[in-house]
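Quick note: the coordinates plus some simple rules give every number you see, no bench work behind them. Computed from a predicted structure; not experimentally measured. Every residue, glycine among them, receives a Cβ derived from its backbone with ideal geometry; neighbour counts consider all protein chains shown.
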Amino acid sequence: MTGQLFVVVGPSGAGKDTLIAGAMAANPALHWARRVITRPESAGGEPFEGVTETEFDQRLARGDFALHWQAHGLHYGVPLAELAPLHHGRSVVLNGSRGALAQGLAAYPDLIVLHITLPLPLLAQRLAARGRESLAEITDRLARADTALPQGLRAVEIANDTTPEAGIARLSQALRG
């Protein structure tokens, strides 16, 4: 029995981590794939393993990652072990990247994309409120916010334009099918 891979994507600041954390709390049978990122763990956000670029490159060269990509000056990787629950019938939720969906689809043709969306003015407010990016970085993220998804994907759009509770309920519903 094979579980379902759900890849949650959307612009930085759309609330992906908040929605995933809420959906995971509501359904502990799901597995949240923990990513490896080239930033300090003290930076906050989702649970992740922070590594140096050298460590990341060594792990990439060893073939440790099922998927990997670069975004916002950082390297992201999903360890093969984090997707192992799929082989035991568990569904896996992954905070992914729109830019890595083609790679993901090639490796996991049955993946389902859960695309988190919200209006640009609200996204700008959220990015500014979290205080992690400069004005130039926020401007850059807003410019990429409406990046289209690749063709050929099974995708569900999830609006996160009201309360976190409403967004969590919408994501939870999509994860149930």
**Prompt:** Gly99: in a helix (DSSP H, G or I), touching a residue at least 24 places away in the same chain (Cβ under 8 Å) and within 26 Å of His31 (Cβ to Cβ), yes or no?
**Reply:** yes
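To keep it simple, each residue is scored yes or no on (1) of a type in the set (Val, Ile, Thr); (2) touching a helix residue (DSSP H, G or I) at 6+ places or on another chain (Cβ under 8 Å).
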| site | (1), (2) |
| --- | --- |
| Thr52 | yes, no |
| Ala81 | no, no |
| Gly89 | no, no |
| Pro109 | no, no |
| Leu114 | no, yes |
**Request:** List every residue pair whose Cβ atoms lie under 9 Å apart, where the two residues are 6 or more positions apart in sequence or sit on different chains, the first residue falls within the range 104-132 and is within 17 Å of Ala148 (Cβ to Cβ), and the second residue, located anywhere, is exposed (fewer than 13 other Cβ atoms within 10 Å of the Cβ) and among the small types (Gly, Ala, Ser).
**Result:** Leu105/Gly152
**Cross-chain or 6+ apart pairs with Cβ under 8 Å, the range 37-52 first and under 19 Å from Glu82 (Cβ atoms), then of a type in the set (Asp, Glu) and not in a helix (DSSP H, G or I)** = Ile37/Glu49; Glu41/Glu49
**Request:** Just need a number here: residues in the range 36-56 that are closer than 21 Å to Ala14 by Cβ and assigned to a strand (DSSP E or B).
**Result:** 2
**Request:** Could you tell me whether the range 53-64 includes any residue that is of a type in the set (Val, Ile, Thr) and in contact (Cβ under 8 Å) with a residue 12 or more places away in the chain?
**Result:** no
**Asked** Can you find a residue in the range 117-137 that is among the hydroxyl-bearing types (Ser, Thr, Tyr), surrounded by fewer than 18 Cβ atoms within 10 Å (Cβ to Cβ) and part of a helix (DSSP H, G or I)?
**Response** no
**Complete:** The lone condition Ala81 fails out of (1) in a strand (DSSP E or B); (2) loosely packed, with under 14 Cβ neighbours inside 10 Å is (1)
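Go through the range 144-175 residue by residue and tally those that are in a helix (DSSP H, G or I) and surrounded by 11 or more Cβ atoms within 10 Å (Cβ to Cβ).
The qualifying residues number 12.
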**Request:** Restricting attention to the range 30-81, report how many residues are aliphatic (A, V, I, L, M) and within 22 Å of Thr2 (Cα to Cα).
**Result:** 7
**Request:** Return a yes/no flag: does the range 122-129 have any residue that is on the phi < 0 side of the Ramachandran plot, small (Gly, Ala, Ser) and under 14 Å from the mean Cα position of the chain (by Cα).
**Result:** no
**Fill in**
Output for Cβ contacts, cut-off 6 Å, separation at least six or different chains, first residue surrounded by fewer than 18 Cβ atoms within 10 Å (Cβ to Cβ) in the range 1-28, second in a loop (DSSP other than H, G, I, E, B) and of a type in the set (Val, Ile, Thr), reads none
**Item:** Filter result for Leu67 (assigned to a helix (DSSP H, G or I), hydrophobic (A, V, I, L, M, F, W, C) and either surrounded by 14 or more Cβ atoms within 10 Å (Cβ to Cβ) or at positive phi (or both))
**Value:** no
**Request:** Scan the range 140-162 for residues that are more than 15 Å from Gly15 (Cβ to Cβ) and among the β-branched types (Val, Ile, Thr) and report the count.
**Result:** 2
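Only one residue in Ala21, Ala107, Ala14 is closer than 25 Å to Ala159 by Cβ and touching a Leu at 6+ places or on another chain (Cβ under 8 Å). Which one?
Ala14
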